[in-house]
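*Asks:* Please see the structure below; I have some questions.
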There are 2 protein chains.
Amino acid sequence: MADVWDREKVTSPGGEERSPLQQKLQRPKTRDCTTACWSFVKRQLSRVGDDWYFLFILGVLMALISFAMDFTVVKLFRAHRWLYEKLDGNGLLQYMAWIVYAVALTTFATGFSQCVSPQSGGSGIPELKTILTGVLLEEYLTMKTMVAKMVGLTCSLAAGSTIFLGKVGPFVHISSMIATYLGGIRTTVTRDYENKSKRYEMLVAAAAVGVASCFGAPISGVLFSVEVTSSHFAVRNYWRGFFAATCGAFMFRLLSVFNNEQETIIALFKTKFKVDFPFDLPETFIFIILGVICGILSCVYLFCQRRLVGYVRRNPFVQRFTATEKAVYSGVVTLLLASITFPAGLGQFMASRLTMKELISSLFDHRPWGALSLNGSLDLHSRVDPDNLWVDWCHPTFTFYGTLLFFLFMKFWMLILATTLPMPAGYFMPVLIYGAVIGRIVGELMAFIFPNGIKSEGVLNPIIPGGYALAGAAAFSGAVTHTLSTALLVFELTGQIAHFLPVLLAVLVANAIAQKFQPSFYDGTIIVKKLPYLPRIRSTATGSYSVTVGQFMNTHLQCLAQDLSSTQLLQVLTSTSDPVYPVVESTESMVLVGSVQRSELINFLQNEAEQIKDNEKLQAKDEDMMKLEGRWRIDPVTFQLSPSTSLHQAHKLFELLVLQHTFVISAGRVVGYVTRAELKKVTEELANGRVPDTE
Amino acid sequence: MADVWDREKVTSPGGEERSPLQQKLQRPKTRDCTTACWSFVKRQLSRVGDDWYFLFILGVLMALISFAMDFTVVKLFRAHRWLYEKLDGNGLLQYMAWIVYAVALTTFATGFSQCVSPQSGGSGIPELKTILTGVLLEEYLTMKTMVAKMVGLTCSLAAGSTIFLGKVGPFVHISSMIATYLGGIRTTVTRDYENKSKRYEMLVAAAAVGVASCFGAPISGVLFSVEVTSSHFAVRNYWRGFFAATCGAFMFRLLSVFNNEQETIIALFKTKFKVDFPFDLPETFIFIILGVICGILSCVYLFCQRRLVGYVRRNPFVQRFTATEKAVYSGVVTLLLASITFPAGLGQFMASRLTMKELISSLFDHRPWGALSLNGSLDLHSRVDPDNLWVDWCHPTFTFYGTLLFFLFMKFWMLILATTLPMPAGYFMPVLIYGAVIGRIVGELMAFIFPNGIKSEGVLNPIIPGGYALAGAAAFSGAVTHTLSTALLVFELTGQIAHFLPVLLAVLVANAIAQKFQPSFYDGTIIVKKLPYLPRIRSTATGSYSVTVGQFMNTHLQCLAQDLSSTQLLQVLTSTSDPVYPVVESTESMVLVGSVQRSELINFLQNEAEQIKDNEKLQAKDEDMMKLEGRWRIDPVTFQLSPSTSLHQAHKLFELLVLQHTFVISAGRVVGYVTRAELKKVTEELANGRVPDTE
């Protein structure tokens, strides 16, 4: 039998080697065959690379979370709507039901998330963007933060269109937290050392999954996350992102089919635009004008938003208030917002009964409201009619133009106010809806001016106002976030791509204006929050191409010679606070040998002190004779710049290789160092038009 | 008056300073106002940045070229079809007309392009990919090559589906040539020095424009060009690409409206798929299986294609033949291809009367051919019916299953043969059509098995075979080119995005298989043509993360000391052939001072020799005393690696900063250098499973 085993071992290609002990065991053949098959499958599966399983799991997990959250939010919202409608007739009770619901949710969301983890507040994209440039933000990717974010976000979403906030940003954050957690599990399973670049790749993919599982839009999810989080991008990461995002989006849509919400997988906000003749050529100009309007409004919005958030962070009174009573602050703000949106009050002029999803569906409607409102009766029903959501926009005396304009006016400052709330919430969905309202107004005006459509070669084709809403949504949200992929996002959301050229034009125009005059929403947050992010070199900074490292490097260098004594070392450590010190052969030659971490040195000195204490009695050694050579772990220097390296090259290097500091070498001697701080300083100086002097 | 001028000068904000001479001139006020306005406009325009005008012009130019080429091709083709149909009844004359047309065109295309510029042959994407990694390919981006490529491509396209080649690749090439030319004009106009990184940015944008102006598909144009040409990508380039591609695509579609081909801007191959219920859930599995089929077939195709092209390049007989008589070779191959596609012969079984565009339109048809062929009469008409292109696929006895399979079988080797033709032609469109045929077969089989559709919750929804054709086209072309953006491309081509999840799944599966087993079409060409391209490190090369520069750097270093004599220098130059030499302080210290080009040294020696000749009579100076210090231009070293830099970091650095060589420094001494050759060698060794030894 052993013979047979041996023969088998020889013939089976790639079979695993068996220990002699195993060979002795008389196992039945079928079982052996199963084992062989299993090991073959296992080998094949492991050849695929664990990355892909990891990405698959990430995608599916995020889809499950997204679906579960939506499910909970819908249940909560339905309960509220049911209560609100039951109380019909009693204004005061209705008002109470309306505000208590929202205030309770936001207060809890703020209180819980701030208690568990203060890092869970806000969108999360600015912080992720900072992390992806190589900065470590403490506590930002922990499980605790994830729990806080998930619970808080569910409450924020359940408060619905009252506080008018979305879920994209937090989902990107949650996704990156799950990716980090899964990465931790993977390293313990495969016993692989944690790889920095692999971790980076996974975070990029996670951002894509986050967007994709929100909207079920994989392609634009990948592109949006790339545009928002990265300045440079490896095409191989794009692949990973696509795979994970497709898994996430597919699963997310699949779940809604299983839940009997839909019959099959279709787009989230399916539209029925005419595809034979989606728009006429002259309309392209109107689309471009719409782009200009969205661009200008986005600049105003970004400016005001940054100012208000900055004010809230700086004002001593508000600061003291929010420092201790964040939940109360949220409650007060929500009370104001909810009172304004109360449907029997001002809310009736801004369609406040509709949820965020219903708002989008109503605005993307392919039917012109002008024609609809002429035919139908315009009484506001006590219940929202899912098939005629537009009715909520048509106030009998105010008309829908009035409500749309009132919505724009009110939501402008209400949204800015809502962005100051310190709870987990996304800011993308609101700007998408805001843009759709802008587009809808333009579209309805066009339909009003040309009731039969624009005449082209004798054929009259009616205007589709929904197309304008589509373009407005893409243009405004694109301008606020400085992204182009919103154009693609609206197509994936609606399942129709017939308008792709006009929408793309509007997005380009709006983006050009916004990028010219204002930093993006996320960059603005980075500025206000003073996150350690390396800004990009503006192409308008014309002098930037001639700036070299020699002009901005830090020359206040404290080198450690290899033959340094402990006393000298102590002196250096107490007089400076650099995190890294260069180690040179000698202070005369200044030839770089490597670098050493400050923490390493401190450890070394502490050990030294203890040792000396122990040895004191045994022998009285002259301390200065104890040369430190070879005592600390010297990190090899992997990159060296020279004073003639250009700023652009150095900037690219820091950004792409996620460096923290490099030394500058000239003719073999260390002459300075460059860290992110120096780069940031020179980049900001250039942006302000100052070119550093040539020394 | 001078007073007024002065006051005006003070008050007008940002007004240009005028010379006293100008102030003296008594100009009329209105004219002055116009000048001021004009200078204001000019300043505003110049503030936008000349990049954007440049990109706009590039987009519009490419659209014009694309349209003009399509126009010419259609005219040529119509003339041919008219002649062919006129000769109906006379088989021999028809045959002659059929083959002479194709043979004449390809022979001329080959002859002309090879005469004018041999670099114009083939697709051009592999060469562009190589150029974008920083390698200079001579003659590749000249005007001469452009003319050759344009004329040759027009003829190739006019030969139509007989030789079955497309235009994407050459358009990318033409676009990059125009960008280079425009860049040259710009540098002369703005008197700006030619910037390397700016040139790179423009080439990337040009590639996007090339694809976009072919298909009128801006978004996928950008993504496809990124995936095909780059391994890393700056998001700011993405913006440029988008802008230029949108201009190109918009102009391209606009021209066809002006030419009365269409009433308004719609997609190139508009489809009419049902959007309410595009596909049922169980169909997703079939889409994935389709992806698997496409993936496997693409591997076979890529393998055979690479082998045949390699064979044609290596075989001494074919080589001798093609070296001298390229045009004859094209003629002979085309004769064979045209004879097979003759519509009265074998061509009737493979719908060879249809052009490339008609083939796509017929395959993407939303109606199931099975149902159509039962209703309609199946006689082949003498003319192609534009509304019922599917009739050409339905042979009365062979059925359309037969023709589709026959098409697959025949075109497989015919296409591979056609790729060996040394004339300007693209290889993307054919694989797109090939994939559509694969998808159509699967779709029609599904429609045959489930004639009433798959039952889902009591509702029967018919199968749409066109959706499968869409998925097949995207999956096969994506697998062959290793891109995912083909998924988006088919949506932009058809103007419908309802199938986005199944198509994306099919593309992902097909890509996973193809990327696992074969290099992409373009990478294969790079391998066969032996272009100096730096391959990427495969993620399966598990040992790659622990490889450091010290293990693969070149230590055969010939340093030049600063105090080198001419005789020694001559010795070094004659004994080695390195393009760059490191300059060190002295051969003892080996401290790097800079580098010097070989050409610089040769120039120096020549000048030296002349000078000596002149001075010989005046004074007999000891040659060895003439130290060379400070005589040649020493380039500063901008980057230095150390032996402990990892392979991944070094690879990234070379790829991203477009480096050609770097020196390796250890403890202040030059110990070796790394060029693309070393990196290429170690990457290839790792791909073959060999890890370099640790020294």
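Only the coordinates and a few stated rules stand behind these numbers; no lab work does. This structure is a prediction, so every number in the text was calculated from the model and none was measured. For neighbour counting, all protein chains shown are included, and Cβ atoms are generated from backbone atoms with ideal geometry for every residue, glycine included.
*Asks:* Mind listing the long-range amide H neighbours of A:Thr548? Cut-off is under 5 Å, sequence gap 5 or more, other chains count too, H placed in the peptide plane at 1.01 Å from N.
*Replies:* Excluding prolines and chain starts, which carry no amide H, the hits are A:Leu647.
*Asks:* Starting from the Cα gyration tensor of the protein assembly as shown, take the square roots of the eigenvalues, sort them a ≥ b ≥ c, and report rounded, prolate or oblate (rounded when a/c is under 1.5, otherwise prolate if a/b is larger than b/c, else oblate). All intermediate terms of the calculation are to be shown ahead of the outcome.
*Replies:* Working: a/c = 1.36, a/b = 1.11, b/c = 1.23.
Rounded shape, in that the Cα axes give a/c under 1.5.
*Asks:* Between copies, how far does the label point of A:Lys681 sit from its twins, in nm, shortest first, when each point is 7 Å from Cα along Cα→Cβ?
*Replies:* 4.4
*Asks:* Quick check on packing: order B:663-673, A:171-181 by the mean number of other C-beta atoms within 10 Å, highest mean leading.
*Replies:* Values: B:663-673: 21.1, A:171-181: 27.0.
Final packing ranking: A:171-181, B:663-673.
*Asks:* Got the B:Leu405 label distances to the other copies yet, label 7 Å along Cα→Cβ, in nm, shortest first?
*Replies:* Ordered by increasing distance: 6.9 nm.
*Asks:* Still on this structure, please answer the following. When A:Thr284, A:Thr72 are ordered from fewest to most other Cβ atoms inside 10 Å of their Cβ, what list results?
*Replies:* Lowest count first: A:Thr72, A:Thr284.
*Asks:* How many Cβ atoms of partner chains, on average, are near each residue of B:232-242 if near means within 10 Å of its Cβ?
*Replies:* Across the residues of B:232-242, the mean count of other-chain Cβ atoms within 10 Å is 6.
*Asks:* Shape of chain B from its Cα gyration tensor (a ≥ b ≥ c, root eigenvalues): rounded if a/c is under 1.5, otherwise prolate when a/b > b/c, or oblate?
*Replies:* Details: a/c = 1.96, a/b = 1.48, b/c = 1.33.
Note, shape of chain B comes out prolate.
*Asks:* Would you mind checking the tilt of helix A:168-190 against the longest principal axis of the Cα atoms of chain A, expressed as 0 to 90 degrees and rounded to 10?
*Replies:* 40 degrees
*Asks:* In nm, what is the difference between 0.36 nm times the number of residues separating A:Tyr311 and A:Gln660 and their Cα-Cα distance?
*Replies:* 122.4 nm
*Asks:* What are the residues whose amide H is under 5 Å from the amide H of A:Gly594, where those residues sit 5 or more places off or on another chain and H is modelled from the backbone?
*Replies:* A:Val583
*Asks:* Nearest 10 degrees is fine. How inclined is helix A:676-687 to the longest principal axis of chain A, computing both from alpha carbons?
*Replies:* 50 degrees
*Asks:* Let a ≥ b ≥ c be the square roots of the eigenvalues of the Cα gyration tensor of segment A:195-234; is it rounded (a/c under 1.5), or, if not, prolate (a/b larger than b/c) or oblate?
*Replies:* It comes out oblate by the Cα gyration axes.
*Asks:* Further question on the same structure: Mind checking A:647-656 for the average number of partner chain beta-carbons within 10 Å of each residue's beta-carbon?
*Replies:* Going residue by residue through A:647-656 and averaging, the value is 3.
*Asks:* Taking R0 as 35 Å, what FRET efficiency do you get between A:Asn452 and B:Phe56 from their Cβ-Cβ distance, rounded to the nearest 0.05?
*Replies:* It comes to 0.50.
*Asks:* Say R0 is 35 Å: what FRET efficiency, to the nearest 0.05, do B:Val41 and A:Ser546 get from their beta-carbon distance?
*Replies:* Step by step, r from the Cβ atoms, then E = 0.75.
*Asks:* Also, I was wondering about something else. Can you put A:Glu684, B:Glu444 in order, fewest other beta carbons within 10 Å first?
*Replies:* A:Glu684, B:Glu444
*Asks:* So who's got an amide H within less than 5 Å of the one on A:Gly122, skipping anything under 5 residues away but keeping other chains? H placed 1.01 Å off N, in plane.
*Replies:* Residues meeting the amide H criterion: A:Met423, A:Ala425.
*Asks:* What number, in percent, do you get for the relative contact order of segment B:290-430 if the mean sequence gap of Cα pairs under 8 Å and at least 6 apart is divided by its residue count?
*Replies:* Relative contact order for segment B:290-430 comes out at 29 percent.
*Asks:* Counting only DSSP beta bridges with both residues in the protein assembly as shown, tell me the antiparallel percent, nearest 5.
*Replies:* For the protein assembly as shown, the DSSP antiparallel bridge percentage is about 80.
*Asks:* Summing Lys, Arg as +1 and Asp, Glu as -1, what charge do residues with Cβ under 13 Å from the Cβ of B:Tyr329 carry, B:Tyr329 excluded?
*Replies:* Spelling it out: positives minus negatives among the neighbours equals +2.
*Asks:* Same structure, new question: Is it possible to state the helix-based mean residue ellipticity at 222 nm for the protein assembly as shown, with each DSSP H run of 4+ residues giving -39500 (n - 2.57), the sum divided by total residues, to the nearest 500 deg cm²/dmol? What is it? Each step should come with its number before you reach the end.
*Replies:* Values: 54 runs with 846 residues, N = 1390.
That comes out to -20000 deg cm²/dmol.
*Asks:* In whole Hz and in residue order, list the ³J(HN,Hα) couplings for segment A:583-593 that follow from phi through the Karplus curve 6.51 cos²θ - 1.76 cosθ + 1.60, θ = phi - 60°; x for Gly and Pro.
*Replies:* With the stated coefficients, segment A:583-593 comes to 10, 10, 4, 7, 5, 7, 6, 6, 7, 6, 9 Hz.
*Asks:* Roughly speaking, what is the stretch gain from B:Leu64 to B:Gln319, that is 0.36 nm per residue apart minus the C-alpha to C-alpha distance, in nm to one decimal?
*Replies:* Net length gain for the segment: 88.0 nm.
*Asks:* Could you work out the relative contact order of segment B:86-170, using alpha carbon pairs under 8 angstrom and six or more residues apart, expressed as a whole percent?
*Replies:* Working: 71 pairs, mean separation 31.6, N = 85.
Relative contact order for segment B:86-170 comes out at 37 percent.
*Asks:* From the label point of A:Leu136, set 7 Å from Cα along Cα→Cβ, how far away are the matching label points in the other copies, in nm, ordered shortest to longest?
*Replies:* Distances between equivalent label points, in nm: 4.5.
*Asks:* Which of B:Thr142, B:Thr34 has the fewest other C-beta atoms within 10 Å, and how do the rest follow up to the most?
*Replies:* Ranked by crowding around the Cβ, least crowded first: B:Thr34, B:Thr142.
*Asks:* Let me ask something else about it. Quick one: net charge around A:Thr110, please, counting Lys, Arg +1 and Asp, Glu -1 for every other residue with C-beta under 14 Å from its C-beta.
*Replies:* +1
*Asks:* I need the phi-derived Karplus couplings for segment B:563-568: 6.51 cos²θ - 1.76 cosθ + 1.60, θ = phi - 60°, integer Hz, Gly and Pro marked x.
*Replies:* 9, 7, 8, 4, 5, 4
*Asks:* Measuring from label point to label point, each 7 Å out along Cα→Cβ, what is the B:Glu139 to B:Leu445 span in nm?
*Replies:* Result: 4.9 nm between the two label points.
*Asks:* Please list, in order along segment A:207-220, the HN-Hα scalar couplings obtained from phi with the Karplus expression 6.51 cos²θ - 1.76 cosθ + 1.60 (θ = phi - 60°), rounded to whole Hz, x for Gly and Pro.
*Replies:* Karplus-based 3J(HN,Hα) across segment A:207-220 equals 4, 5, 4, x, 5, 5, 7, 6, 10, x, 10, x, 5, 5 Hz.
*Asks:* Follow-up question, since we're still on this one. Roughly how tilted is helix A:29-48, in degrees to the nearest 10 and between 0 and 90, from the longest Cα axis of chain A?
*Replies:* Long axis of A:29-48 versus the principal axis of chain A: about 80 degrees.
*Asks:* Set the bar at 18 Å for Cα to Cα. Now go through A:Lys272/B:Lys357; A:Lys652/B:Lys198; B:Lys326/B:Lys530; B:Lys530/B:Lys680 and name every pair that lies beyond it.
*Replies:* Flagged as over cut-off: A:Lys272/B:Lys357; B:Lys326/B:Lys530.
*Asks:* Using a 10 Å cut-off on Cβ to Cβ distances, tally the other chain neighbours for every residue of B:633-643 and report the average as a whole number.
*Replies:* The per-residue average across the peptide is 5.
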